[in-house]
Amino acid sequence: MGLQVRYQFLQLAAAIRGHRTEELLALLRQSGLVVAPVNPVSAVREMPGVREHLTRTNLPDGRQVRLPPAAVDTGRQEFPLAPHYGEHTRKILEQTGLEDSAIDDLVREGVVR
């Protein structure tokens, strides 16, 4: 960044320091500029239209975690955690008709978890 540009940034920072965002936005809009604030994530998730579409899940320790909105509207706002790797392997293999001894062999040989 050139010295001239840096100086201009410093001048701009000095000019706007101490003003509230809403006040600056109003002044800029009155000047005919199209402007919008850049919000931190914490503010975005509280905005109407976002807040009511956030999803959540519960961690094993009981804490609730807020998640981004779903890509498509499912009507659900709470989702379970994804299963651990291999968590349902035995149940799925049993449903295919494999016997316990065959599943045990697959686990022992490292084919499945």
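Just so you know, all these numbers are worked out from the coordinates, no wet-lab data involved. Predicted model, so just to flag it, every value in this text is computed and none were measured. Note: ideal-geometry Cβ built from the backbone for every residue, glycine included; neighbour counts use all protein chains shown.
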Within the chain, excluding any GluC sites (Glu not before Pro) found in a DSSP loop (not H, G, I, E or B) and having at most 11 other Cβ atoms within 10 Å, the longest uninterrupted segment runs 1-45
Result row for the chain, helices from DSSP H with C-alpha axial extent 24 Å or more and mean Kyte hydropathy at least -0.5, is none
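Grab the other residues whose beta carbon is less than 11 angstrom from that of Arg90, score K and R as +1, D and E as -1, and report the net. Please report the intermediate quantities before stating the final value.
On the way: positive: Lys91, Arg113; negative: Glu87, Glu94, Asp100, Asp104.
Surrounding charge for Arg90 is -2.
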Within the range 1-97, DSSP-loop chymotrypsin sites (Phe, Trp or Tyr not before Pro) with at most 15 other C-beta atoms within 10 Å are Tyr85
